[in-house]
Amino acid sequence: MARIPILGTNSDGLDEIEALKSYYNQWRQNNTNMKEPFFGVLRAFKDKELLKDLDEGALRLYLYLGFVSNNETGTSWHSIQTIANYFGKQTRTIDFWIQKLGEAGLIYRTRHNKKSATTFLIPFTDSIINVQPAKKREFDDQELLDDLLESREQLAAVYGEIIKVYHIFHWGLDQKKNPDIDSSTTNFLFIITKRADGVLVGHRHHLRKSVNYAISQLYVDDVVIFESPFVYKDHPVSGIAVNHMQRLRQKDRTETLINMMRDLAVADAEILLQHPTAIYGSIDEVLEAEDDGEEAETDKGGED
């Protein structure tokens with residue numbers, strides 16, 4: 001049977017293939033330019049087997065909730081009856097689908113002192129969020145960390161239990177991409193929580209009042225460990241200093257930071273002790289102490 005040339009007449013289909021790819025690319029760009037609302041389902045939805053394991057009705061409801069939710073907050077207020085009318089189903093069927101989505105950790109639904117229930121879409125992959133203390137703090141001190149920990153503990157139902165606390169640092173760099181004591185450092189507290197379904201959340205608070213604090217080692221090859229002045233569960237927080245080229249504050253390094261979080265979530269003290277150590281403190285004091293130590297070793301070597 002002769003083919004109707006809807007997509008063209010080229011027998012090998014090469015022009016059709018390029019046209020289809022370009023068509024889709026331009027369609028995506030058009031929607032981006034128009035800021036068309038969208039609902040993104042990450043590939044992890046398949047990789048975590050949510051696509052395979054979810055009841056078909058629950059999957060359809062998840063897509064529905066995604067399309068009607070606020071694009072920024074993942075919230076929607078459609079009633080059970082409204083949803084049932086859309087699907088042409090009984091309300092008890094919608095209740096069952098909602099139960100399945102809740103069990104899968106994909107939504108949370110509550111009235112929370114409101115007349116109508118609110119449905120929240122729940123992230124299903126690991127993520128990083130920036131956090132601030134409940135009270136404005138004058139110093140980056142222990143009270144700051146205690147404040148952050150208390151707020152995370154109060155929100156354990158959302159983020160999961162606290163499993164690790166770290167202090168992360170790396171130097172800024174100069175125009176030649178060398179570590180530079182006069183450039184802005186990256187210095188933050190990093191609280192890792194883990195939900196019952198295994199999803200990790202990294203809670204990051206930049207220590208903006210600690211611009212004059214750093215580690216005693218200017219050049220870090222990969223990782224250097226330092227003892228932080230902060231304390232968690234009666235023990236000093238483990239400090240992790242990484243190479244200055246990592247640039248963990250930049251958006252394009254989010255994947256690097258998430259992978260680092262996954263490693264830190266399972267790292268124990270013995271693993272950390274395999275790395276070199278440094279001192280954390282005032283830049284002038286710790287770098288001067290490091291320089292004095294190097295000079296002493298040089299002098300000793302000369303005597304031999």
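The values are calculated or read from the model by the stated rules, or taken from the named source; none is laboratory data. Everything numeric in this text was worked out from a predicted model, so none of it was measured. Glycine gets a Cβ as well: all are built from the backbone with ideal geometry, and neighbour counts include every protein chain shown.
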Worksheet item: If you check every pair at least six apart or on different chains, which have Cβ atoms under 9 Å apart with a residue in segment 11-35 that is assigned by TED's automatic domain parsing to the domain that holds N71 and loosely packed, with under 12 Cβ neighbours inside 10 Å first and a residue that is in a helix (DSSP H, G or I) and modelled with pLDDT of 85 or more second?
Response: none
Worksheet item: Hey, any hits in segment 94-107 for a residue that's touching a Ser or Thr at 6+ places or on another chain (Cβ under 6 Å) and either within 17 Å of F124 (Cβ to Cβ) or at pLDDT below 90 (or both)?
Response: yes
Practice prompt. Select the strands (runs of 3 or more DSSP E) contained entirely in segment 158-251, then report the ones holding at least 1 residues which are more than 30 Å from T119 (Cα to Cα) and within 15 Å of the chain's Cα centre (by Cα).
Written response: 161-170, 186-194, 200-206
Worksheet item: Could you say which residue among R109, R43 is charged (D, E, K, R) and in contact with a strand residue (DSSP E or B) (Cβ under 6 Å, 6 or more places away or on another chain)?
Response: R109
Discussion item. Tell me yes or no: at least one residue of segment 102-116 is touching an Asp or Glu at 6+ places or on another chain (Cβ under 9 Å) and not charged (D, E, K, R).
Written reply: yes
Worksheet entry | Complete set of residues in segment 139-174 that are in contact with a Ser or Thr (Cβ under 7 Å, 6 or more places away or on another chain), of a type outside the set (A, V, I, L, M) and exposed (fewer than 15 other Cβ atoms within 10 Å of the Cβ) | E161, D174
Worksheet item: Which condition number in (1) under 19 Å from D197 (Cβ atoms); (2) part of a helix (DSSP H, G or I); (3) touching a residue at least 12 places away in the same chain (Cβ under 8 Å) is the one that L42 fails?
Response: (2)
